[in-house]
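The values are calculated or read from the model by the stated rules, or taken from the named source; none is laboratory data. If you're wondering where the values come from, they're calculated on a predicted model, not measured in any experiment. Because the Cβ atoms are built from the backbone with ideal geometry, glycine has one as well, and the counts that use them run over all protein chains shown.
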Amino acid sequence: MSTDAGFDRLVEPLRRELHAHCYRLLGSAHDADDALQDALLRAWRGMDRFEGRSSMRTWLYTIATRTCLDIVAARGKRALPMDLGPSSERVVLEQTPLTEVAWLGPYPDGPETRYERREAIELAFVAALQHLPGNQRAALVLFDVLGFSAAEIASTMDTSVAAVNSALQRARAIVAEKVPPPGGRPGDTRTREIAAGFASALERGDADALVALLAEDVTWSMPPLAQWYSGIEAVAGFAAEVPLGRCPSWRTEIVTANGQPAVACYLGEAADAVHHPWSITVLSLRDDRIHDITSFLDADLFARFGLPPAKS
């Protein structure tokens with residue numbers, strides 16, 4: 001067996017979870033692609049230095065974490081619209097995408113996330129991580145999500161156990177401020193019903209049916225657009241005016257992203273026209289209602305989610 005083949009055999013069972021780890025630290029599936037590729041190249045080149053004092057998994061997580069921290073230092077954090085300014089009280093029709101902002105992106109669910117606690121990959125948690133310095137972000141993920149010890153994290157990050165514990169304390173306080181209380185989580189059947197109801201209301205142009213699914217304090221954001229809406233009155237007004245009022249025709253497909261229900265939305269010029277990819281809309285649910293709607297307006301995401309390039 002060649003060296004390359006032997007390395008691939010060792011790495012392959014861990015590739016998907018390492019990719020999810022990189023996404024969690026970086027907030028972008030595309031950046032996670034680059035980070036994992038770079039990390040595995042570093043690992044392959046340094047394979048002769050792997051002495052077996054830790055497990056292969058721990059060694060690879062160390063390299064992947066350090067690679068991600070290098071990217072964080074170079075590129076900074078990723079954002080959602082609510083990180084940039086207050087919500088809009090009135091509907092804003094003319095919006096220019098902010099291409100200079102590094103936007104948070106969604107993560108398609110698959111085998112790499114099945115082993116995860118759902119809340120450890122949810123959009124709100126990954127968004128909150130972006131507000132942490134790199135060392136705090138890594139310490140929190142490695143300890144609270146992946147179960148590494150403080151000593152293992154100190155070795156990974158080339159620091160002391162005391163520094164790791166201090167980073168964990170600060171990180172947990174910030175994340176607790178940013179992540180809303182969990183509330184009641186709908187069961188899987190109800191979750192599917194809510195996602196299907198949202199998709200159906202969008203396709204039928206039924207504002208009342210859509211609003212009936214929303215929490216009173218719902219938000220709707222649409223990166224890469226800066227404007228966002230907060231509260232059922234503002235969100236209902238936006239929904240009636242723009243996606244249900246000015247967009248001619250929708251086709252949808254239910255998917256999952258970040259361990260949450262999501263709707264792939266295709267926009268057409270008429271009901272009998274070809275519908276093209278428009279957004280991956282992630283729905284955050286709480287107490288049997290939609291609490292946050294995040295519509296990622298990026299047609300390139302559809303291929304990553306394994307979705308067709310158009311619908312009729």
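Return yes when residue 100 is outside the structural domain of residue 264 (by TED's automatic domain parsing), among the acidic types (Asp, Glu), modelled with pLDDT of 85 or more and loosely packed, with under 14 Cβ neighbours inside 10 Å and no when it is not. For residue 100, the condition - outside the structural domain of residue 264 (by TED's automatic domain parsing), among the acidic types (Asp, Glu), modelled with pLDDT of 85 or more and loosely packed, with under 14 Cβ neighbours inside 10 Å - is met.
Of the numbered conditions (1) in a helix (DSSP H, G or I); (2) of a type outside the set (S, T, N, Q); (3) modelled with pLDDT of 95 or more, residue 12 fails exactly one; give the number of that condition. (3) is the only condition that residue 12 fails. Regarding segment 299-307, can at least one residue be identified that is more than 16 Å from the chain's Cα centre (by Cα) and among the basic types (Lys, Arg)? Looking through segment 299-307, none of the residues is more than 16 Å from the chain's Cα centre (by Cα) and among the basic types (Lys, Arg).
Contact annotation: residue pairs with Cβ atoms under 9 Å, 6 or more positions apart or on different chains, pairing a residue in segment 5-30 that is among the hydroxyl-bearing types (Ser, Thr, Tyr) with a partner that is assigned to a helix (DSSP H, G or I) and at pLDDT below 95, are 23/112. Listed conditions (1) part of a helix (DSSP H, G or I); (2) closer than 19 Å to residue 279 by Cα; (3) of a type outside the set (Asp, Glu) are all met by residue 125, apart from (2).
In the list 226, 201, 236, which residue meets the criterion of being outside the structural domain of residue 20 (by TED's automatic domain parsing), within 26 Å of residue 102 (Cβ to Cβ) and either without any contact (Cβ under 8 Å) to a residue 60 or more places away in the chain or assigned to a loop (DSSP other than H, G, I, E, B) (or both)?
Details: 201 fails: within 26 Å of residue 102 (Cβ to Cβ); 236 fails: within 26 Å of residue 102 (Cβ to Cβ).
Of the residues listed, the single one that is outside the structural domain of residue 20 (by TED's automatic domain parsing), within 26 Å of residue 102 (Cβ to Cβ) and either without any contact (Cβ under 8 Å) to a residue 60 or more places away in the chain or assigned to a loop (DSSP other than H, G, I, E, B) (or both) is 226.
Quick check on segment 178-191. Is at least one of its residues at pLDDT 95 or above and either within 30 Å of residue 98 (Cα to Cα) or crowded, with 19+ Cβ neighbours inside 10 Å (or both)? No. Counting only helices (runs of 4 or more DSSP H) that fall entirely inside segment 130-180 and contain at least 2 residues that are over 23 Å from the mean Cα position of the chain (by Cα), the qualifying elements are 150-157, 161-178.
Residue 226 passes all but one of (1) closer than 21 Å to residue 108 by Cβ; (2) in contact with a Pro (Cβ under 6 Å, 6 or more places away or on another chain); which number fails? All conditions are met except number (1).
Of the residues 70, 109, the single one that is of a type in the set (Asp, Glu) and surrounded by fewer than 19 Cβ atoms within 10 Å (Cβ to Cβ) is 70.
Yes/no per residue for (1) surrounded by fewer than 19 Cβ atoms within 10 Å (Cβ to Cβ); (2) at pLDDT below 95; (3) in the same structural domain as residue 146 (by TED's automatic domain parsing); (4) among the aliphatic types (A, V, I, L, M):
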{"position": "37", "(1), (2), (3), (4)": "yes, no, yes, no"}
{"position": "41", "(1), (2), (3), (4)": "yes, yes, yes, yes"}
{"position": "45", "(1), (2), (3), (4)": "yes, yes, yes, no"}
{"position": "50", "(1), (2), (3), (4)": "yes, yes, yes, no"}
{"position": "55", "(1), (2), (3), (4)": "yes, yes, yes, no"}
{"position": "58", "(1), (2), (3), (4)": "yes, yes, yes, no"}
{"position": "64", "(1), (2), (3), (4)": "no, no, yes, yes"}
{"position": "82", "(1), (2), (3), (4)": "yes, no, no, yes"}
{"position": "87", "(1), (2), (3), (4)": "yes, no, no, no"}
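Could you please let me know if residue 210 is among the aliphatic types (A, V, I, L, M), farther than 22 Å from residue 106 by Cα and crowded, with 17+ Cβ neighbours inside 10 Å? It is true that residue 210 is among the aliphatic types (A, V, I, L, M), farther than 22 Å from residue 106 by Cα and crowded, with 17+ Cβ neighbours inside 10 Å. Suppose the filter is in a strand (DSSP E or B) and either over 18 Å from the mean Cα position of the chain (by Cα) or small (Gly, Ala, Ser) (or both); does residue 276 pass it? Judged against the criteria, residue 276 is a match. For segment 11-43, a tally of residues being aliphatic (A, V, I, L, M) and under 25 Å from residue 302 (Cβ atoms) returns 8. Inside segment 19-34, residues that are of a type in the set (Ser, Thr, Tyr) and in contact with a helix residue (DSSP H, G or I) (Cβ under 8 Å, 6 or more places away or on another chain) make up a count of 1. The set of residues in segment 296-310 that are assigned to a loop (DSSP other than H, G, I, E, B) and surrounded by 17 or more Cβ atoms within 10 Å (Cβ to Cβ) comprises 297, 298, 305, 307.
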